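K.L.:
Sharing a structure with you now.
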Amino acid sequence: MNNSVGNTARLLGAGLRALLVLTLVCGVIYPLVVTGIAQVAFSDKANGSAIKSGGKVAGSELIGQTYNLPKKDPNNADEAAQPDLKWFQPRPSNGLGSNVTNGINTQYNLLVSGATNLSGDNEKLIQQVKDAKDAVVKDNSTAGYQVNPADVPADAVTSSGSGLDPQISPEYAKIQVHRVAERNHLDVKQVEKLVTDNTDGRILGFMGEPGVNVLKLNIALKELTSK
């Protein structure tokens, strides 16, 4: 009986010591080491790839966001947000949200991110693409520049798999140049240079496609207009 109690006590003691040691190693030491290495070697990425404007964090390089006009009634959840056309606009974010304007979900809501999961021949998706294309042509045509519907790229009318893509194609950015220049009273050449300066090439020169980070581009636009 005494031996049984003694063995049980030793086993419980060994288990408790193992628990404490593993908790210390795996729950304290390991996270601190990994966090320390990340902060030293990859500080920007470890902190969310934040982008600052005017000394304040404007967003993340990895997550798209909207550039909309303020709602007339902020408390009205049914009121559709309208894009502020003086800014470069991101690609659609159809995902799982419900706030739709011209067939485009403009929420970029982290809580409802995701793809539409609609097949290529789905009537709803086809109508969304048609409406989005019409909106792109209408919004970006100016007195001296008419958008050719055939020139509207795919990313201007379809959302990404996450619905939170921070980049647009250089082709979509260029379609928006005349409208942005007109709305901000800038020369078209100035805005075209902004797009060129903020266009990222392929990774290692051959992986992926060139892209334009909309947040970085709009920050550059804000700096230009402030001058």
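K.L.:
Condition (residue is in contact with a strand residue (DSSP E or B) (Cβ under 7 Å, 6 or more places away or on another chain), closer than 26 Å to Ala181 by Cα and free of Cβ contacts under 8 Å to residues at least 60 places away in the same chain) applied to the range 28-48: is it met by at least one residue?
P.N.:
No.
K.L.:
Any residue in the range 98-114 that is within 26 Å of Asn184 (Cβ to Cβ), at pLDDT 85 or above and outside any strand (DSSP E or B)?
P.N.:
no
K.L.:
Still on this structure, please answer the following. As an exercise: evaluate Ile203 against (1) under 22 Å from Glu61 (Cβ atoms); (2) without any contact (Cβ under 8 Å) to a residue 40 or more places away in the chain; (3) surrounded by 11 or more Cβ atoms within 10 Å (Cβ to Cβ) and give the number of the one condition it does not meet.
P.N.:
(3)
K.L.:
Looking at this structure, is Leu85 in contact (Cβ under 8 Å) with a residue 24 or more places away in the chain, under 27 Å from Asn184 (Cβ atoms) and in contact with a helix residue (DSSP H, G or I) (Cβ under 6 Å, 6 or more places away or on another chain)?
P.N.:
Spelling it out, Leu85 is indeed in contact (Cβ under 8 Å) with a residue 24 or more places away in the chain, under 27 Å from Asn184 (Cβ atoms) and in contact with a helix residue (DSSP H, G or I) (Cβ under 6 Å, 6 or more places away or on another chain).
K.L.:
Still on this model: For residues in the range 142-176 being in contact with a Lys or Arg (Cβ under 8 Å, 6 or more places away or on another chain) and among the small types (Gly, Ala, Ser), which is farthest from Gly201 (Cα to Cα)?
P.N.:
Out of the qualifying residues, it is Ser159.
K.L.:
Any residue that is assigned to a helix (DSSP H, G or I), of a type in the set (Val, Ile, Thr), closer than 30 Å to Leu62 by Cα and not assigned by TED's automatic domain parsing to the domain that holds Leu62 - is there at least one of those in the range 11-29?
P.N.:
yes
Residue-wise test of (1) closer than 23 Å to Lys124 by Cβ; (2) assigned to a loop (DSSP other than H, G, I, E, B); (3) modelled with pLDDT of 80 or more.
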{"site": "Ala38", "(1), (2), (3)": "no, no, yes"}
{"site": "Lys45", "(1), (2), (3)": "no, no, yes"}
{"site": "Val57", "(1), (2), (3)": "no, no, yes"}
{"site": "Gly64", "(1), (2), (3)": "yes, yes, yes"}
{"site": "Asp73", "(1), (2), (3)": "no, yes, no"}
{"site": "Ala80", "(1), (2), (3)": "yes, yes, no"}
{"site": "Leu85", "(1), (2), (3)": "no, yes, yes"}
{"site": "Phe88", "(1), (2), (3)": "no, yes, yes"}
{"site": "Ser93", "(1), (2), (3)": "yes, yes, yes"}
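K.L.:
To continue, here is another question. Taking only the range 131-159 into account, find how many residues are charged (D, E, K, R) and over 18 Å from Pro83 (Cα atoms).
P.N.:
1
K.L.:
Considering (1) assigned by TED's automatic domain parsing to the domain that holds Asn184; (2) out of contact with any Gly (no Cβ under 9 Å at 6 or more places or on another chain), say which one Gly64 fails and leave the rest.
P.N.:
Unmet condition: (2).
K.L.:
Looking at the range 161-169, is at least one residue of a type in the set (Asp, Glu) and at pLDDT 95 or above?
P.N.:
Within the range 161-169, not a single residue is of a type in the set (Asp, Glu) and at pLDDT 95 or above.
K.L.:
Given the residues Val137, Val180, Val191, Val214, which is the only one that is in contact (Cβ under 8 Å) with a residue 40 or more places away in the chain, of a type in the set (Val, Ile, Thr) and farther than 16 Å from Glu61 by Cα?
P.N.:
Val180
The values are calculated or read from the model by the stated rules, or taken from the named source; none is laboratory data. Values in this document were obtained by computation on a predicted structure and should not be read as measured data. No Cβ is skipped: glycine too gets one built from the backbone with ideal geometry, and neighbour counts run over all protein chains shown.
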